[in-house]
Amino acid sequence: MASTALPSTALNAGSVSRLRPLAIARWLEITAAFVIVIVLVGGITRLTESGLSITEWEVATGILPPLTEAAWQEEFAKYRQTPEYRLEASVGGMTLADFKFIFFWEWFHRLLARAVGMVYALPLAWFWLKGAIPAGYKGRLLGLLALGGLQGLFGWLMVQSGLVGDMTDVSHFNLSLHLLTALALLAGLVWTARDMRRIVRSPEAARARLTKAAGIVAAVLFIQLLLGAWVAGLNAGHAAYDWPLMNGRVAPEIDWSSGFLWTLTHDPFLLHFLHRWWAWIAVAALIWQARRTRGTDRLASILLNATFGIMVVLGIATVLSGVSLWMAAMHQLVGALLVAATAWAMNSEGAARQAETAAA
């Protein structure tokens, strides 16, 4: 069979000494860490109902928060025009101090998004101009940059979806698109960083490819993450505070009168139920992935087992705590770490399979 290793002629084009795969790997890992922090802060922003506190997107001037009392009052006045304030927040009363609290989380989330853009784009330009990027990776690195920009766009579309009509929350579809794009970006960063570290050890190492088995695991995990995003967007975590039963029942009562598709994508009780129990299918798939990875990358296997175990425990604790802010935030944080660990494990398995194929 034909080898999928990087062609030596491509790697040796120009000056090999200018290639910096280890530096690129570290840069990608730092960017991935930023993305994980953004996912955590995004979860806190959702849990504190802060996402609609800033009603405009100002790329440059939005970097600084309001600095005077008049500026704060102006921002608060804009928020008071939103359906969330008129139909929900105003009912219990909201002071300027309350508004400053929710404003902080949305502003911090946006500030981190700007920061990660700089952390990624500036080193990319430097590595590119220095000719330090190994052959075959420029397109992928540009693709990750585009994915990051797209994720930011989805974030703004998500906010806009909560500023129209009588919406008191953002669309859970837009929220899931925003979150899952961030997690896809995280997986791409980790995957490419592992490829770079492999090039450090062997410049002509075979590139990792997603195996069919890993693709099945990825699909199962995607469904669980999608369900989790919908649960968050619909506040469906509050559908039940007991476990393993739901409000004392094995399965909740579901109203199917609006049709199967609408119920499947909107009913908080059904989505909470599915998120609970699909998790065990995801666990089985991840155990399968960890076992297949163990022989080639024991550390990746251990990290994968640890993260999905902690995530399950935190998920149950989140329910039993009545959706405690910090418990739910930690659940989302470990979810991001799980995606990173899964990408690492799948990359290691894929590289091993490619090496076997190349040697055949």
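Some points to look at:
- Working note: 222 nm ellipticity from helices only, DSSP H runs with n ≥ 4, each -39,500 (n - 2.57), summed and divided by the residues of the chain, gives -23500 deg cm²/dmol to the nearest 500.
- For the chain, the longest site-free run once GluC sites (Glu not before Pro) in DSSP loop states with at most 11 other Cβ atoms within 10 Å are removed: 59-252
- The angle between the Cα long axis of helix 212-233 and the longest principal axis of the Cα atoms of the chain comes to about 20 degrees, rounded to the nearest 10.
- Summarising the overall dimensions of the range 179-250 from its C-alpha atoms, the Rg and Dmax are 18.5, 59 angstrom.
- Sparse packing (at most 12 other Cβ atoms within 10 Å of the Cβ) combined with a DSSP loop state is found for none of the chymotrypsin sites (Phe, Trp or Tyr not before Pro) in the range 77-169.
- Helix axis angle, 96-129 relative to the chain longest principal axis, alpha carbon, degrees: 20 degrees
- Note on S258 and H238: the model spin-label points, each 7 Å out from Cα along the C-beta direction, lie 1.6 nm apart.
- Stokes-Einstein D (µm²/s) once Rh is taken as the Kirkwood radius of the chain over alpha-carbon pairs, at 10 °C in 1.306 mPa s: 72 µm²/s
- Note on the range 267-295 and the range 335-360: Cα centroid distance 19 Å, given to the nearest whole angstrom.
- Neighbour-limited loop hits for chymotrypsin sites (Phe, Trp or Tyr not before Pro), the range 236-342 (at most 12 other Cβ within 10 Å; DSSP other than H, G, I, E, B): W256
- Normalising the Debye intensity of the range 211-272 to I(0), with uniform scatterers on Cα atoms only, and taking log10 at q = 0.19, 0.22, 0.27 Å⁻¹ returns -0.78, -0.92, -1.10.
- Cα gyration tensor category, rounded, prolate or oblate, for the range 230-322 with a/c compared to 1.5: prolate
- Value in Å of the Kirkwood radius, where the range 10-160 supplies the Cα pairs that are averaged: 17.7 Å
- When the Gaussian network model of the chain links Cα atoms closer than 10 Å, the mean-square fluctuations of D98, D169, D195 top out at D98.
- Accessible-area value, M330, 1.4 Å probe, nucleic acids and ligands omitted, Å²: 70 Å²
- Averaged per residue, the chain has 47 square angstrom of accessible surface, using a 1.4 angstrom probe with ligands and nucleic acids left out.
The values are calculated or read from the model by the stated rules, or taken from the named source; none is laboratory data. Fair warning: this is a prediction, and the values are worked out from it, not measured in the lab. Neighbour counts run over all protein chains shown; Cβ positions are idealised from the backbone, glycine included. Side chains included, ligands, DNA and RNA excluded: accessible areas come from the protein's heavy atoms. Shrake-Rupley method; radii C 1.70, N 1.55, O 1.52, S 1.80 Å.
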